Amino acid sequence: MEGGNYFRIPNLAPVSQQGAGRRPFQVEKIPGRSGRGFEPPPLNHPEMDILILGAGASGLLAARNLARSGWKVTVVEARDRVGGRIHTLPAGIFSGPVESGAEFVHGDLPLTLALLREARIPLRETGGRFWQSSSGSQEPETGAGAWPEWERQLKSLERDLPVSQFLKTHFGGPSYETLRRSVRGFVSGYDTADPDRASTISLRQEWLGMEESGHQYRVAGGYGRLTDWLAGQIRELGGEIRLGCPIREVLWEPEKVTLMGEGGTQFSGSRLLVTLPAGTLLPPGKFQFRPGLEKLERALEKIGFGSVIKLLVEFTHPFWQDPVWYQRANCPETGLGMFFSGEPVPTWWTQYPAASSLLTGWLGGPAAASLSRKGTGSEELVRLSLKSLGSIFRSGEKEVQSLVRGALAVDWNRDPYSNGSYSYDTTDSGEARRSLAEPVAGTLFFAGEATWEGPSIATVEAALQSGSRAAVQVAACG
Ligand SMILES: Cc1cc2nc3c(=O)[nH]c(=O)nc-3n(C[C@H](O)[C@H](O)[C@H](O)COP(=O)(O)OP(=O)(O)OC[C@H]3O[C@@H](n4cnc5c(N)ncnc54)[C@H](O)[C@@H]3O)c2cc1C
């Protein structure tokens, strides 16, 4: 089991630095460019039918932009909802909306913020104290004494290595054990990646860029408001969204595409924008192109696709604020934000600064993949979560369990329409993301977080940016 102490989480400054009780972030104050946040593609052949496969952030934004410029778009989606890896659960199991997929806006991200502004959806700044449960420390356990050497070795690295290999080569000794555990925990926790495949050079960029990464937010009422709003715009502009249509095969020739769905559904168009998660496109998958796209397959094999299980547990009240609990566990009395442990579900966070009795657990990387492969069911995952929380709070699983109001394990690895979490760079990735974004014969186009190589890879921002870029590519080929 990974140590799971992912550390130096960007943007989650301790309360003492942020000022507790900071006012919620207001939409009027969203920094960055106001207005539409993209340039609409030129209007060339609006009579052509554009098919868009996938109603996640990338597909919806591409469809909205194209529809706004007068193109006839049909979005085809397997699930009975829009949003993809953005999925805000409405109140039901829990007392309010809860994010089962994407949750944070990781910084002042230009397109995400511009769209939220346009949709008039406010953000709330996050924060809270860190807590390392094993040591009681209010800093994640990182082996901090080794950081100068870590940064030196990272900066001088010339030839990329998988993270595990890099650690073994330069930090193999017993004195670096905490650092090794922290780095592996970060790569598998934050990036949901396999340290045996993940690129050290990519980690370096992420790592060294962190200090400037600024604020972190949640979307008020849930990220799903953004994708619902985009879907509403598409419909208002005359576009269609066909839900509940899983596609198995794409038959294509230049300027002619047919999507073959399960149960015999078919859709035809002159162009197709594919926005499916990389994990669902990788062979041997259920999805295929005819004729096949070897270049796409080669690029996909070079990009890593991570694993994650998200655990959502709501309690009768925020017990971690009761003196008997925080004193016993030696956790911060107030303002608990994110906490780390060596338990099977290692990382947890509260909804701070919102008053909420929800705790969210996060298990990423090989440990998550292994549980999913074994077919660990939702009930067992919830049990594992409560056991982890029992140990973290120095009580028993039963004591924690007696306070549970509702719980859910969301295993994205076993979800057939995501097959994992999000992409990461391996030592082979090189030009692969760029190659994934290249149109084929002016007929097939690609978007989705894995096709975006700019900053903020693998995030909602990456998905939106890729959708915006793809809309321009489609229009340019008109
Ligand atoms: C648990 C979790 C937490 C995350 N947390 C964050 C976060 O805090 N902040 C952040 O910025 N990012 C986060 N991410 C990443 C972020 O959610 C994604 O990068 C982004 O939502 C991807 O959008 P997309 O359009 O590329 O893909 P998707 O949202 O996956 O959209 C693709 C669509 O294609 C559909 N589809 C798949 N197969 C088929 C088929 N055969 N036929 C028809 N349709 C199909 C899917 O159902 C889906 O709707 C998180 C991801 C996960 C899984």
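Read the figures in this text as sums done on the coordinates, not as results from a lab. Here the structure is a predicted model, which means the values were calculated and not measured. Glycine gets a Cβ as well: all are built from the backbone with ideal geometry, and neighbour counts include every protein chain shown.
Counting other beta carbons within 10 Å of each Cβ, put W325, W252 in order, fewest first. Intermediate values should be presented prior to the final figure.
Details: W325 18, W252 21.
Least to most surrounded, the residues fall as W325, W252.
Amide H contacts of E99 (H built 1.01 Å from N, in plane; Pro and chain starts excluded): L89 sit under 5 Å, all sequence-distant by 5 or more or on other chains.
The mean sequence distance of close C-alpha pairs (under 8 Å, at least 6 residues apart), as a share of the length of the chain, puts its relative contact order at 24 percent. Mean projected area of the convex hull spanned by the Cα atoms of the chain, taken over all viewing directions: 21.8 nm². From least to most packed, judged by other beta carbons within 10 angstrom and beginning with the fewest, I241, I93, I392, I234 follow the order I93, I241, I392, I234.
Placing unit charges on the Cβ atoms only, positive for Lys and Arg and negative for Asp and Glu, gives the chain a dipole magnitude near 440 debye about its Cα centre. Antiparallel as a % of all DSSP beta bridges within the chain, to the nearest 5? So the antiparallel bridges in the chain amount to around 65 percent.
Using +1 on the beta carbon of Lys and Arg, -1 on that of Asp and Glu, and nothing else charged, what's the dipole of segment 144-210 about the Cα centre, debye to 20?
Value, rounded to 20: 120 debye.
Under 1.5 on a/c is rounded, so check that first for segment 144-210, then, if it is not, pick prolate when a/b is larger than b/c and oblate when it is not; a ≥ b ≥ c are the square roots of the alpha carbon gyration tensor eigenvalues. Taking the square roots of the gyration eigenvalues as a ≥ b ≥ c, segment 144-210 is rounded. Note on H215, H317, H87: ascending count of other Cβ atoms within 10 Å places them as H317, H215, H87, the fewest first.
For segment 173-329, the square roots of the Cα gyration tensor eigenvalues, ordered a ≥ b ≥ c, give a/c of at least 1.5 with a/b no greater than b/c, which places it in the oblate category. With a Förster radius of 41 Å applied to the beta-carbon distance between V440 and R235, the computed FRET efficiency rounds to 0.90.
Note on R394 and D80: with the Förster distance fixed at 51 Å, the Cβ-Cβ geometry gives a FRET efficiency of about 0.75.
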